[in-house]
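See below for the structure under consideration.
The values are calculated or read from the model by the stated rules, or taken from the named source; none is laboratory data. Just so it is clear, the structure is predicted and the values come from calculations on it, not from any experiment. A quick note on method: Cβ atoms are made from the backbone with ideal geometry, for glycine too, and the neighbour counts reach across all protein chains shown. For the accessible areas, the whole protein counts, side chains as well, though only heavy atoms, and no ligand, DNA or RNA atoms are used. Shrake-Rupley method; radii C 1.70, N 1.55, O 1.52, S 1.80 Å.
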Protein chains: 2
Amino acid sequence: MLQHSTDPQLDRVFLALADSTRRAMIEQLSGGPRSISELAAPYDVTLTAIGQHVLALETAGLVKSEKVGRVRTVTLEPKALARAERWLVTHQKRWAQRLDRLGDLLAEDDDDDASATKTKSPKK
Amino acid sequence: MLQHSTDPQLDRVFLALADSTRRAMIEQLSGGPRSISELAAPYDVTLTAIGQHVLALETAGLVKSEKVGRVRTVTLEPKALARAERWLVTHQKRWAQRLDRLGDLLAEDDDDDASATKTKSPKK
DNA sequence: CGAATGCTGAAGCATGGACTTCAGTATCCG
DNA sequence: CGGATACTGAAGTCCATGCTTCAGCATTCG
């Protein structure tokens, strides 16, 4: 069981979201497409830095971008975010359930778990 | 006005999730509390490494842990995940909306795929 | 008691991330 | 044309992560 998923794409999505600047950029972009300069405006960093953030978001699949003339326009891409969201919702549900039943389980001892945390397992 | 949220706690949550080992550990934990050794079992890393992952998860608020005797037991903590989920849901909704309207804008503005008779009113 | 178990702390190392500066290139504007 | 604009690439710094080994310290068991 315990499938170790090892999903590098999901890694990238969460990593991209783990930065407040990039999250803020996403918020900006939810108002519509923006150029690199427009994205850079609110922050006190160089254009280069913002370009690198865009690359991170693009690698994660969270945005796409296209250059027309000398301006690169960045647009949100909903699919990758949906995947991250699905992971979260699934797992949160799963363990909210568990916490729910915890109330009941506290009365008696639990048994739905194969590795038997309560018993000493000297198998090794 | 575009306010830059700068939320270090949320940073930590997403960063913690940006690692497949830690996500897999969370999956394990959704089956119930586990000791450090039990968490380590499926992976080919040292106990120390797993201890560090647990610390990362704990810093993010995703788990809590308590040591009884010589065994540290790790348990899921749903609240932090709910926060991450809320961020995702909010933003995904926001821009799904936008993409929705985008379809309409394309249809009336520059339409080569007028095949779909978009008679819906997207304003809400 | 002594040995095994379960973890923890300190240190070190390799890699990658976030940022910078500097030097371009391509485009647009007057 | 010439200059401003909008990026882009290369390189370099700095710090955080993820991992290791090794040593140590309680705790539990025979």
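A few notes on this one:
- Across segment B:25-39, computed HN-Hα scalar couplings (Karplus, 6.51 cos²θ - 1.76 cosθ + 1.60, θ = phi - 60°) run 4, 4, 4, 4, 5, 6, x, x, x, 9, 7, 4, 4, 5, 5 Hz from first to last residue, x flagging Gly and Pro.
- Label spacing, shortest first and in nm, from residue B:42 to its equivalents in the remaining copies (7 angstrom along Cα→Cβ): 3.8
- Across the identical copies, how the residue B:6 labels are spaced - nm, sorted shortest first, 7 Å along Cα→Cβ: 4.0
- Summed buried accessible surface, chains A and B, 1.4 Å probe, nearest 100 Å²: 4100
- With its label point put 7 Å out from Cα toward Cβ, residue A:68 sits 6.4 nm from the same residue's point in the other copies, in order from shortest.
- Taking N as its residue count, the alpha carbon Rg of segment B:1-85 over 2.2 N^0.38 Å: 1.16
- Label sites at residue B:21 and residue A:35, each approximated as a point 7 angstrom past Cα along Cα to Cβ, lie 4.5 nm apart.
- J(HN,Hα) series, segment A:6-13, from Karplus relation 6.51 cos²θ - 1.76 cosθ + 1.60, nearest Hz, glycine and proline x: 6, 9, x, 5, 5, 3, 5, 4
- Spacing of the two label points (7 Å from each Cα toward its C-beta) at residue A:66 and residue A:52, in nm: 2.9
- Long-range amide H partners of residue A:34 with built H, under 5 Å: A:74
- Shielding by partners for peptide A:45-58, expressed as the average number of C-beta atoms from other protein chains within 10 Å of each residue's C-beta, is 0.
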